[in-house]
Amino acid sequence: MKKILATALPLALMGVEPASAEGVAVSPNGSRAHAIGPAQNFTGHVLVEPLFAVDQNKRSIGGHVTFSPGARSAWHVHSTGQVLIVTDGVGWIQEDGGAKREIRAGDVVWTAAGVKHWHGATATTSMRHISITFPDDPSSSRRLDGACYRRAVP
Ligand code: MN
């Protein structure tokens, strides 16, 4: 173990990844293509950056979503719940039957399975959040914008 660290650390300091890296994978900032949020899931201008997808080791899907002022998700549910970590700005979230609530950078939001809700920017400010969802079957979806990520509710 000491020998591996002694080899890997100097390489890491030089910005070089050892060819035989074992359990640590770095996805560099700027390497993940942003996509426009699809119209069936969002209103207004929304950018979605996939952070990580389900594979053999990951049981969740992560994305960084940027909502321009006035942009929001459609009403939707998550079959196994969702974590939102607000990273920038001020936005709104509303649960069906509840009041619209303000969310700000640093807030962490849990939405339970099956709860109909929407989230997005306020009318005048942008909001950015990391979303983490948990597909029923991790092998069934590898795309951030797949059916397991978000199920739009009419
Ligand atoms: Mn949601």
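Where a number appears in this text, it was derived from the coordinates with a stated rule and is not lab data. Computed from a prediction, not measured in an experiment: that's the story for all the values here. Every residue, glycine among them, receives a Cβ derived from its backbone with ideal geometry; neighbour counts consider all protein chains shown.
Data overview
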quantity: Which of F67, N41, A53, positive extreme of dipole for region 36-116 (C-beta unit charges); calculated: N41
quantity: Semi-axis lengths, Å, region 49-131, gyration tensor of Cα atoms, sqrt of 5 times eigenvalues; calculated: 21, 16, 10
quantity: Under 5 Å, built H, 5+ apart or other chain: amide partners of T125; calculated: G70
quantity: Neighbour-limited loop hits for trypsin sites (Lys or Arg not before Pro), region 33-84 (at most 14 other Cβ within 10 Å; DSSP other than H, G, I, E, B); calculated: K58, R59
